[in-house]
Amino acid sequence: MKSGELRVPTAIAVTSADMALPTQDERTMPAVVLRDLDKRPLEHALAELHALIEQYGHVIVVSSTAVPAAVTRRLHTLRSLLESDRIALFRPDLPPLGVAVLARQLRQLASCDIGPGVLASAGRLLTHYIHAGAVLASVAKLDRVPVSLKAHAKSWVPGSQFAVIAHPGPQLVRVGPEAALTGPEFGTWMLVAKGQLQSEWTGTLAKSWNVRGLREAPLPAESALWWGTGRIVEFCAHLADLSVLYQLVTSVRQTVCHWCGIDVIGDRCVFCSATPPAPEPPAPRALERRTPA
């Protein structure tokens, strides 16, 4: 980018309105919502995505692993038809509320002087700082976290509730006076989304984790499928301060993608999926000529 040239923020897109969380501050970029991708005519979705590329230059689409398979196929089809390396498809291994939080963090960073390649790569970095879980009425259909036979049996006891951490590492306890989950060792905010379950235990968890504040959000539609039940209270502890997010991302060494030429962090360009070439082995040392004795 030339000196003095106005940078157009990278677009951060999500696949449903409930994944577009309210802005944290006046700087947070609004999310682009790609609605009903699997239901609209292909040409309509193609025109929408093409217009986004023309307007923003680069588009990062953040989606949950629980979105319908037809939506995922449509995204890959659109990217292939546009033959564009300016569309990044990012599906982090997080529960839906965690995905929505991550998308908002990228929207916060999109307002800063961060290039699209670094911003797209930042998604994988920031995932490590998200603690995502839920309080469930049953773990009978939970397949995202290891569940013991004992826990399965207790799922059938009326009134049972379970507290589960899916990320960064699996944890599962039965809710009770002594129940505890290991949380982040840094200051976070907590976001809570209530489904068809009455539970105040997330407030107890927030106190034990010493979170700086607690906010509520609507439960994403994909959460019931992800957790195996609609009787749920999903929660996510995360970094909310833009200055902290910015420092985390900009402190990582940047490299230039050898294929598409944009700056990235990490070991893979999220736009073109190229990985850095393996270092070339050193050239063999020339042998010295010696005269036979």
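The values are calculated or read from the model by the stated rules, or taken from the named source; none is laboratory data. Note that this is a predicted model, so its numbers are computed, not measured. Backbone-built Cβ (ideal geometry, glycine too); neighbour counts: all protein chains shown. The accessibility values were calculated without ligands, DNA or RNA, using every heavy atom of the protein model including side chains. Shrake-Rupley method; radii C 1.70, N 1.55, O 1.52, S 1.80 Å.
The table that follows gives values for the structure above.
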{"item": "Residue check for Thr182: among the hydroxyl-bearing types (Ser, Thr, Tyr), closer than 27 Å to Leu214 by Cα and in contact with a helix residue (DSSP H, G or I) (Cβ under 7 Å, 6 or more places away or on another chain)", "result": "no"}
{"item": "Residues located in region 210-228, provided they are open to solvent by 20 Å² or more (accessible area, probe 1.4 Å) and either within 25 Å of Ser111 (Cβ to Cβ) or touching a strand residue (DSSP E or B) at 6+ places or on another chain (Cβ under 6 Å) (or both)", "result": "Val211, Arg212, Leu214, Arg215, Glu216, Pro218, Leu219"}
{"item": "Test: residue in region 122-131 that is closer than 30 Å to Pro9 by Cα, out of contact with any helix residue (DSSP H, G or I) (no Cβ under 7 Å at 6 or more places or on another chain) and without any contact (Cβ under 8 Å) to a residue 60 or more places away in the chain", "result": "yes"}
{"item": "Residue among Leu142, Leu102, Leu119 that alone is crowded, with 21+ Cβ neighbours inside 10 Å, part of a loop (DSSP other than H, G, I, E, B) and either in contact with a Ser or Thr (Cβ under 8 Å, 6 or more places away or on another chain) or small (Gly, Ala, Ser) (or both)", "result": "Leu142"}
{"item": "Test set (1) under 20 Å from Val256 (Cα atoms); (2) open to solvent by less than 60 Å² (accessible area, probe 1.4 Å); (3) not polar (S, T, N, Q) - Arg86 fails condition number", "result": "(2)"}
{"item": "Filtered residues of region 161-179 (kept if loosely packed, with under 13 Cβ neighbours inside 10 Å and small (Gly, Ala, Ser))", "result": "Gly169, Gly176"}
{"item": "Cβ pairs under 9 Å, 6+ apart, first in region 202-223 and more than 20 Å from Val175 (Cα to Cα), second open to solvent by 80 Å² or more (accessible area, probe 1.4 Å) and outside any loop (DSSP other than H, G, I, E, B)", "result": "Glu216/Lys194; Pro218/Lys194; Leu219/Lys194"}
{"item": "Cβ-Cβ under 7 Å pairs, at least 6 apart or on other chains, region 246-266 side modelled with pLDDT of 90 or more, far side crowded, with 16+ Cβ neighbours inside 10 Å and among the small types (Gly, Ala, Ser)", "result": "Val249/Ala122"}
{"item": "Residue list for region 63-85, restricted to those being in contact (Cβ under 8 Å) with a residue 40 or more places away in the chain and touching an Asp or Glu at 6+ places or on another chain (Cβ under 8 Å)", "result": "Ser64, Thr65, Ala66, Val67, Val71"}
{"item": "Which listed residue, of Thr72, Thr10, is modelled with pLDDT under 95 and in contact with a strand residue (DSSP E or B) (Cβ under 9 Å, 6 or more places away or on another chain)", "result": "Thr10"}
{"item": "Selected residue (only one of Ala180, Ala206 is of a type in the set (A, V, I, L, M), within 30 Å of Pro146 (Cβ to Cβ) and modelled with pLDDT of 95 or more)", "result": "Ala206"}
{"item": "Hits in region 50-78 (condition: under 18 Å from Leu119 (Cβ atoms), assigned to a helix (DSSP H, G or I) and open to solvent by less than 60 Å² (accessible area, probe 1.4 Å))", "result": "Leu52, Ile53, Tyr56"}
{"item": "Checklist (1) small (Gly, Ala, Ser); (2) outside any strand (DSSP E or B); (3) in contact (Cβ under 8 Å) with a residue 12 or more places away in the chain applied to Ala88, failing item", "result": "(2)"}
{"item": "Members of region 184-195 that are of a type outside the set (A, V, I, L, M, F, W, C) and in contact with a strand residue (DSSP E or B) (Cβ under 6 Å, 6 or more places away or on another chain)", "result": "Pro184, Thr188, Lys194, Gly195"}
{"item": "Evaluation of Pro95 against (1) at pLDDT 95 or above; (2) touching a Gly at 6+ places or on another chain (Cβ under 8 Å); (3) within 24 Å of Asp267 (Cβ to Cβ) (one fails), failing number", "result": "(3)"}
{"item": "Verdict on Leu197 being open to solvent by less than 20 Å² (accessible area, probe 1.4 Å), modelled with pLDDT under 95, among the aliphatic types (A, V, I, L, M) and more than 17 Å from Gly98 (Cα to Cα)", "result": "yes"}
{"item": "Residue within region 188-196 that is basic (Lys, Arg) and assigned to a strand (DSSP E or B) present", "result": "yes"}
